[in-house]
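Please read the structure below before turning to the comments.
The values are calculated or read from the model by the stated rules, or taken from the named source; none is laboratory data. Note that the structure is predicted; figures quoted are calculated from it, not measured. Backbone-built Cβ (ideal geometry, glycine too); neighbour counts: all protein chains shown. Keep in mind that these areas ignore ligands, DNA and RNA; they rest on the heavy atoms of the full protein, side chains included. Shrake-Rupley method; radii C 1.70, N 1.55, O 1.52, S 1.80 Å.
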Amino acid sequence: QVQLVESGGGLVQAGGSLRLSCAASTNIFRISTMDWYRQGSGKQRELVASIASNYNIIKYADSVKGRFTISRDNAKNTVYLQMNSLKPDDTAIYYCHLYWGTDYWGQGTQVTVFS
């Protein structure tokens, strides 16, 4: 069973930064692509960023390019999302995701950006 635990969300003023972390309970993490998704109130869940297991493929949603950075530490089974220049539109619950035969999701961490 894969467990994903996010942390690092919070309340921040527009223009500020937050760093999210997601720790996986299994070494399957090391051979899996890891994703960050978010879901704002009344909105569909959307892919924010993705990083391949060997770090060689990284993708971002257009809305966060140049502001967010995804990274991972396979020795710690942890993926990170550094979020800079935050905007109120970034307000959402952020989830990390892993696919291994089925979808695994963390419980989510709330990010609220106020102007």
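Ignoring the sites themselves, the chain has its longest run without trypsin sites (Lys or Arg not before Pro) in a DSSP loop having at most 16 other Cβ atoms within 10 Å at 1-42.
State, as an integer percentage, the relative contact order of region 5-95 based on alpha-carbon contacts under 8 Å between residues 6 or more apart.
Result for region 5-95 is 35 percent.
Okay, which of region 29-44 sit inside 20 Å, backbone N to the point 7 Å along the Cα-Cβ direction of S7? From region 29-44, the list is 29-30, 35-37. Please check which bits of region 1-38 a label hung off S63 would reach, taking the label as a point 7 Å along Cα-to-C-beta and the cut-off as backbone N under 15 Å. Residues passing the 15 Å test: 36-38.
Relative to the Cα centre, the charge distribution of the chain, modelled as +1 at Lys and Arg Cβ and -1 at Asp and Glu Cβ, gives a dipole magnitude of about 160 debye. Applied to region 81-94, the Karplus parametrisation 6.51 cos²θ - 1.76 cosθ + 1.60 on θ = phi - 60° returns per-residue 3J(HN,Hα) values of 9, 8, 10, 10, 6, 5, 10, x, 5, 7, 4, 4, 8, 9 Hz, with x for Gly and Pro. Each label was represented as a point 7 Å from its Cα along the Cα-to-Cβ direction; for S17 and S71 these points are 1.0 nm apart.
What does the accessible area per residue of the chain come to in Å², with a 1.4 Å probe and no ligands, DNA or RNA counted?
Numbers: 6020 Å² over 115 residues.
Heavy-atom SASA per residue in the chain reads 52 Å².
Accessible area of the chain with a 1.4 Å probe: how many percent of it is carbon plus sulfur? Of the solvent-accessible surface of the chain, carbon and sulfur hold 47 percent.
Split the chain at each of the chymotrypsin sites (Phe, Trp or Tyr not before Pro) in a DSSP loop with at most 16 other beta carbon atoms within 10 Å, and the longest piece is 1-54.
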